[in-house]
1. List every residue pair whose Cβ atoms sit under 9 Å apart, with the two residues 6 or more apart in sequence or on different chains, where the first one lies in the stretch 24-36 and is assigned to a strand (DSSP E or B) and the second, anywhere, is among the acidic types (Asp, Glu) and surrounded by fewer than 17 Cβ atoms within 10 Å (Cβ to Cβ).
2. Could you say whether any residue in the stretch 42-58 is polar (S, T, N, Q), at pLDDT below 95, assigned to a loop (DSSP other than H, G, I, E, B) and within 23 Å of Val26 (Cα to Cα)?
3. How many residues does the stretch 10-36 contain that are at pLDDT below 95 and buried (at least 16 other Cβ atoms within 10 Å of the Cβ)?
4. Return yes or no: is Ala39 modelled with pLDDT under 90 and outside any loop (DSSP other than H, G, I, E, B)?
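The values are calculated or read from the model by the stated rules, or taken from the named source; none is laboratory data. From a predicted model like this one, the values you see are computed outputs, not experimental measurements. When we count neighbours, we look across all protein chains shown, and the Cβ atoms used for this are built from the backbone with ideal geometry, even at glycine.
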Amino acid sequence: MAIPIASNTTCDIYRTGVAPPAAPSVAGVACFLRPDWHAGQEAGERSVNQLTWTHVMLVDVSVDIRDAYTGQSAWTWQDTVYIPTQTGTGFNVVFVERVQRGTPHEHKRVYLDRQLPTWPTNEL
């Protein structure tokens, strides 16, 4: 299976408690990243449920990427991705959903919350 659109970047995935410069849990994942600030901020309220995002990433269905969503409650044990590599900008994984199940374009849609980048950046 493949994501339904051509990849435009890569990412390194880190599990909770591990961060660069350590080796990523999953390295060099092809992905499609797009900004989604407006929709992500309308979806929730940070002070209430933290279910807000800044970007959406599409990855192959086989990619092992994890959220820690427990039903509108605060969490801190999700994966973090760094785009395009571990030296790039960090994003916390807010939510992962499997989409287009059973089709040739089955993939995972990953909602991300961008962390503070090192400015200036051309990675976003």
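1. Val26/Asp64; Val29/Asp60; Ala30/Asp60; Cys31/Asp60
2. yes
3. Selection size over the stretch 10-36: 1.
4. yes
To keep it simple, each residue is scored yes or no on (1) touching a helix residue (DSSP H, G or I) at 6+ places or on another chain (Cβ under 9 Å); (2) within 24 Å of Leu51 (Cβ to Cβ); (3) acidic (Asp, Glu).
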| site | (1), (2), (3) |
| --- | --- |
| Asp67 | no, yes, yes |
| Thr85 | no, no, no |
| Phe91 | no, yes, no |
| Arg98 | no, yes, no |
| Gly102 | no, no, no |
| Arg109 | no, yes, no |
| Asp113 | yes, yes, yes |
| Leu116 | no, yes, no |
